[in-house]
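All remarks here apply to the structure that follows.
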Amino acid sequence: MKKVFNLTLDLFTSVEDDLEKRQYIILAELKKISEQFQFYKIYPHLSQLIELRRVLKDVIARLQDLRSKFPKQISKLDWVNRTIEHEVIFTSGTDISSVEDLIDWALPHIENVIEEGVAIHDFVESELTVEQVGILPSYRDEGYLFVPDNQKKSLNLFRFEVSIFRSTEDQYRALKTRFLKQLEQDRIKLSPGSIKLDLIREQSELPNPATYAFTTDLDFPFETTIFPVAKRRLMHILNDEIQS
């Protein structure tokens, strides 16, 4: 799992020092991420924070399963109701309860910051429009992607390729992009169709590439917000086209 500022997994699972100190560190790091969101910089922090949440929930589930496997001793006999209550006996050096308590405390705070990032992501996505440039070919796993950078008053051209990788349980589609060039303000006025024809002449191995052009009035940061959201939007479009 990638590092989210200083929010490493060890911060949550190694509890040999003061619990309040770790809580302070977690809150401080989450504040840094929230401040990045306030500058409309949501990646890679949002995706990494979502992954951290997933991993921490998995840790909790595994600890609960581990807890059920520990030896137990009788803690209370209820002769009236004829029931026996047990308590888990932890082996020396294992402080599962502290890990669980810290993660349970942290997850709502992590969730709040994730919600901030998701709100910005959804807003940016709603302000991005995309058009298919020309006739789409039957093969759409390679092509071109045009995304504006309004802060620099330019249009960035990318080549994209969809790759498939398999795990033991499933297979996944991932979008790879390669930067081609940047068109300055005087050339942005060219139609997407004209830009596509220029690329076809320059890269003849794709005679009829699937091409998608994004537009937006937002002047948010390109690398940390506009481009990542555009790529996710394109991936959804390509997946929907396969299913339709």
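Projected onto its three principal axes, the C-alpha set of the range 129-243 covers 49, 32, 21 Å, listed from the longest axis down. The H on the amide N of TYR144, modeled in the peptide plane, is under 5 Å from the matching H of PHE160, ALA210, THR211, TYR212, each at least 5 residues off or on a different chain. For the peptides 98-106, 139-147, the ranking by mean Cβ contacts within 10 Å, running from highest to lowest, is 139-147, 98-106.
Placing R0 at 45 angstrom, the Cβ-Cβ distance between HIS236 and SER14 gives a FRET efficiency of 0.70 after rounding to 0.05. Ordering SER126, SER34 from the fewest to the most neighbouring beta carbons within 10 Å gives SER126, SER34.
Evaluating 6.51 cos²θ - 1.76 cosθ + 1.60 at θ = phi - 60° for every residue in the range 172-182, the Karplus couplings come out as 10, 10, 10, 9, 9, 10, 10, 5, 9, 6, 10 Hz, glycine and proline recorded as x. Annotation for the range 196-234 versus the range 148-163: alpha-carbon center distance of 5 Å.
Counting 0.36 nm for each residue step from LEU218 to ARG54 and taking away their Cα separation leaves a gain of 56.0 nm.
Sorting the segments 130-138, 113-121, 190-198 by their mean number of nearby beta carbons within 10 angstrom, highest to lowest, gives 113-121, 190-198, 130-138. The Cβ shell under 13 Å around LEU136 holds other residues with a net charge of -3, Lys and Arg each +1, Asp and Glu each -1.
No lab work stands behind these numbers, since they all come straight from the coordinates. Since the structure is predicted, the reported quantities are computational estimates derived from the model, not experimental observations. When we count neighbours, we look across all protein chains shown, and the Cβ atoms used for this are built from the backbone with ideal geometry, even at glycine.
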